[in-house]
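Every read-out reported here was derived from the displayed coordinates using simple, explicitly stated rules and does not represent laboratory data. The shown structure was predicted, so the numbers you read here are calculated from the model rather than taken from an experiment. We place every Cβ from the backbone using ideal geometry, glycine too, and count neighbours over all the protein chains shown.
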Amino acid sequence: MNICIIKDCNNPSLILKSKLCNKHYRRKLKYGDVNYKTKNSPNSGRKQNCVVCNLEFYVPIWEDTRNKKDGKRLTCSKKCSNKYRNTETNCTFCNKIIIVKNYILKRRPNSNTFCDKKCHVEYQKTLIGDKNPTYKGESEEQERLRKIEDYREWRTYIYKRDNYTCQRCFSYGGRLNAHHILFFKKFPAFRFDVDNGITLCRDCHKYIHKIKSKRFMKAKKVKKK
């Protein structure tokens, strides 16, 4: 009965050509060396300095073959690997130090980072007017919001004058709207003029705006021709 050639191995050699046992023969086929686990063997592994703490450590072959995405192992422990994969940044609202993963920063390099949802919500509240990145100058809607008290007075006066009845279908109460006879956007001088308002119900208000918009678009087309 033949025994395996390798020292301290008393297993029988099943393969006659190589004179190795089944265990060592598999190691040779897979890793290229019989004693791949031992550090002294040239094909068993390599020495590597840690990228984070610069400490020298030993990497066996099977770890490099397992990490196919990264290619090679570069850190000595899990703590160092977490430090290598993550980066420390400051929260854009409260300026608190937070840990963010590197792949998130690669995907969104110029994006803001927050520690909590509360900070994110509070930061969004500050984006008003010129501070908002989508700001495109003062709109007429903002001018209307500045004069909202005058608009309320104008609306209540028209409701009382028309006795809370629609001036088209003559229905009393319900959901009413104060309609501008002249366009609110086109004629800013007549926005709060009392003679420029009529009380309408919601359905009549929608119907009149549809007719006005169609006429306005037709007039534009005629001018272009």
Which ³J(HN,Hα) values in Hz, rounded to whole numbers, follow from the phi angles of the range 79-89 under the Karplus curve 6.51 cos²θ - 1.76 cosθ + 1.60, where θ = phi - 60° and Gly and Pro get x? 4, 5, 5, 5, 5, 6, 7, 10, 10, 8, 9
Two-site label geometry, I211 and Y164: point separation in nm, points 7 Å out along Cα→Cβ: 2.7 nm
Residues with amide H under 5 Å of R46's amide H, sequence separation 5 or more or different chain, H placed in the peptide plane at 1.01 Å from N; which? V59
Quick calc, R107 & S77: beta-carbon distance into FRET formula, R0 35 Å, rounding 0.05, result 0.80
For the pair V52 and F192, the simple spin-label estimate (label points 7 Å beyond Cα toward Cβ) gives in nm 6.4 nm
Any residue on another chain or 5+ positions along whose placed amide H is under 5 Å from the amide H of T113 is listed here as T92
Past the 32 Å Cα-Cα mark, which pairs from K79/K117; K28/K83; K47/K101; K118/K186; K23/K72; K125/K160? K28/K83; K118/K186; K125/K160
